[in-house]
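Trainee: Submitted below is the structure of interest, expressed as structure tokens.
The values are calculated or read from the model by the stated rules, or taken from the named source; none is laboratory data. Since the model is a prediction, treat every value here as computed from it, not as a measurement. Cβ sites come from the backbone with ideal geometry, for glycine too, and all protein chains shown count toward neighbours. To get the accessible areas, we keep the full protein, side chains included, count just its heavy atoms, and leave off ligands, DNA and RNA. Shrake-Rupley method; radii C 1.70, N 1.55, O 1.52, S 1.80 Å.
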Amino acid sequence: MSAEDGADVSRSSLVLGDVIGSGGQGEVHVVVGGPLLFKQYKDPARVNGDALADLVAFRQALGPTDRARLDALAAWPLSRVVEGGRVVGFLMRRAPAAMMWRTSAGATKLLELQYLIRPSKVAWQEVSQPTPEQRRALAMACAEAIGWFHDAGLVIGDISQANVLWTLTPDTAVHFLDCDGFRRVGRSPVQAQAATPDWNDPLAPSTEASVDTDAYKTALAVGRVLSQEPYLDPAQELRAVPGCLNERQEAAARRLFAQAAGARGARPRPSEWLTALGDRGTITLAAVTPRPRPSIDNSVLDGPRIRTPINLRTPGLSRRG
């Protein structure tokens, strides 16, 4: 089963394996015989099936390049799962293997953002921590992904330490979970908006999701990744991990982080974070090669010159005495 065509799938056609995750709104099951997972809602009566169909249709409408980009960035709903005439869940792909880690006891866990924004602990000593440069790259990857979603006309809603994964191999990258919490701008959500403590916009109800609340949470994600401080908020000064930012980048990041504490509509957008954290301002320009002079035929200038008088008189006229 691939679910690539986006068509609804009957619950009775699925052979389910272990439950590998559980949250307030549903449980995630392994689908036996393939690479897919099934998220089963705990209370299907609260599910907006049309809104879920809208997310499935969004992916189907993308061209090959954008669809591949979406699949790399998110565990997106591929198709709805129905039973008895109602929507009971959806199918999605597993998280990339590079975004998992194995404990000393042999258990496999998702490499969630919490392992990036908190100081290292013995309990997760098997998680490889990034270099300062990789930490900056991961902060930029978060902002870039959120910017891509916004450019596509989507609102994320719940951005937190539990639903963003990351990796250092083969390159720095992030991956979003719980994507049924996304919605198109101006559209209804699949379920009531989920909220994560310490990740809420203080100027908006926890049930609200908009590009502006996403902008505030983007600042939290970027600032907490850069500082390795899990509770840092824009009312505090951003202090990046030593070696993470140069002087220009740190000044720009501090300015944007403080700006996120301002009025709604004035929060920095993802593109502003990319400019602040990027290498602009430290670009080394190559020396300009002088333009070659035109070739000159010196024989034209160095040969014998024949001068002839110039007759300024009009032919046929004589001089009168």
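Trainee: Can you send over the solvent-accessible area of Arg280, 1.4 Å probe, protein chains only, in Å² to the nearest 10?
Mentor: Estimated to the nearest 10 Å², Arg280 gives 150 Å².
Trainee: Also, I was wondering about something else. Can you tell which of Ala263, Phe58, Asn246 lies farthest toward the positive end of the dipole of the chain, using +1 and -1 charges on the Cβ of basic and acidic side chains (Lys, Arg; Asp, Glu)?
Mentor: Final value for the positive-end residue is Asn246.
Trainee: Suppose accessible area is computed on protein heavy atoms with a 1.4 Å probe; arrange Arg269, Arg80 from highest to lowest.
Mentor: Greatest to least solvent exposure: Arg269, Arg80.
Trainee: Between region 224-243 and region 159-213, what's the alpha-carbon centroid distance in Å?
Mentor: Here the answer is 20 Å between Cα centres.
Trainee: Ordering His150, His175 by how much accessible area each has at a 1.4 Å probe, largest first, what is the list?
Mentor: His150, His175
Trainee: Now a separate question. When the helix-only estimate is applied to the chain (DSSP H runs of n ≥ 4, each -39,500 (n - 2.57), divided by the residue count), what is the mean residue ellipticity at 222 nm, nearest 500 deg cm²/dmol?
Mentor: Only helices count here, giving -8500 deg cm²/dmol.
Trainee: Hey, another quick one. Calculate how large, on average over all directions, the projected area of the Cα convex hull of the chain is; give the answer in nm² to one decimal.
Mentor: If you wrap the Cα atoms of the chain in a convex hull and average its projections, you get 34.7 nm².
Trainee: Report ³J(HN,Hα) in whole Hz for each residue of region 197-211, in order, from the Karplus equation J = 6.51 cos²θ - 1.76 cosθ + 1.60 where θ = phi - 60°; Gly and Pro get x.
Mentor: Result, ordered by residue: x, 6, 10, 8, 6, x, 9, 9, x, 5, 7, 8, 9, 8, 4 Hz.
Trainee: If you don't mind, another one. Over the chain, give the accessible area per residue in Å² for a 1.4 Å probe, as an integer.
Mentor: Each residue of the chain exposes 55 Å² on average to a 1.4 Å probe.
Trainee: Further question on the same structure: Just read off the accessible area of Ile117 with the full protein assembly in place, 1.4 Å probe, to the nearest 10 Å².
Mentor: 0 Å²
Trainee: With viscosity set to 0.692 mPa s and temperature to 37 °C, compute the Stokes-Einstein D of region 124-209, Rh being the Kirkwood radius across alpha carbon pairs; µm²/s, no decimals.
Mentor: Here the translational diffusion coefficient equals 228 µm²/s.
Trainee: Just the Cα atoms of region 5-117, one point each, no solvent: what log10 I(q)/I(0) does Debye give at q = 0.13, 0.15, 0.17, 0.23 Å⁻¹?
Mentor: -0.56, -0.73, -0.92, -1.40
Trainee: Note the angle between two axes, namely the Cα long axis of helix 132-151 and the longest principal axis of the Cα atoms of the chain, as a number of degrees from 0 to 90, rounded to the nearest 10.
Mentor: The angle comes out at about 90 degrees.
Trainee: In addition: What is the ratio of the Cα radius of gyration of region 1-49 to 2.2 N^0.38 Å, where N is its residue count, to two decimals?
Mentor: 1.18
Trainee: On each of the three principal axes of the Cα atoms of region 54-185, give max minus min coordinate, whole Å, ordered largest first.
Mentor: Dimensions of region 54-185 along the principal axes of its Cα atoms: 48, 34, 25 Å.
Trainee: Given 10 °C and 1.306 mPa s, how large is the Stokes-Einstein diffusion coefficient of region 181-228 in µm²/s, with Rh as the Kirkwood radius over Cα pairs?
Mentor: After rounding, the answer is 136 µm²/s.
Trainee: So what's the net charge close to Ala194: Lys and Arg +1, Asp and Glu -1, counting the other residues with Cβ under 9 Å from its Cβ?
Mentor: -2
Trainee: Give, in nm to one decimal, the length gained when the segment between Glu27 and Asp50 is fully stretched (0.36 nm per residue of separation minus the Cα-Cα distance).
Mentor: Here the segment from Glu27 to Asp50 would lengthen by 6.2 nm.
Trainee: Could you tell me which of rounded, prolate or oblate describes region 102-164, using a ≥ b ≥ c as the square roots of the eigenvalues of the alpha-carbon gyration tensor, with rounded for a/c under 1.5 and, failing that, prolate when a/b is larger than b/c and oblate otherwise?
Mentor: The shape class here is prolate.
Trainee: Give the shape of region 139-275 as rounded, prolate or oblate, defined through the alpha-carbon gyration tensor: a ≥ b ≥ c are the square roots of its eigenvalues, a/c under 1.5 means rounded, and otherwise the shape is prolate if a/b is larger than b/c and oblate if not.
Mentor: Cα axes put region 139-275 in the prolate bin.
Trainee: Next question. Heavy atoms of the protein only, probe of 1.4 Å, neighbouring chains included. What is the accessible area of Glu27 in Å², nearest 10?
Mentor: 60 Å²
Trainee: Grab the beta carbon distance between Thr65 and Lys42, set R0 = 35 Å, and tell me the FRET efficiency rounded to 0.05.
Mentor: 0.45
Trainee: If you don't mind, another one. Using a 1.4 angstrom probe on heavy atoms only, work out the carbon and sulfur share of the accessible area of the chain in %.
Mentor: That share works out to 53 percent.
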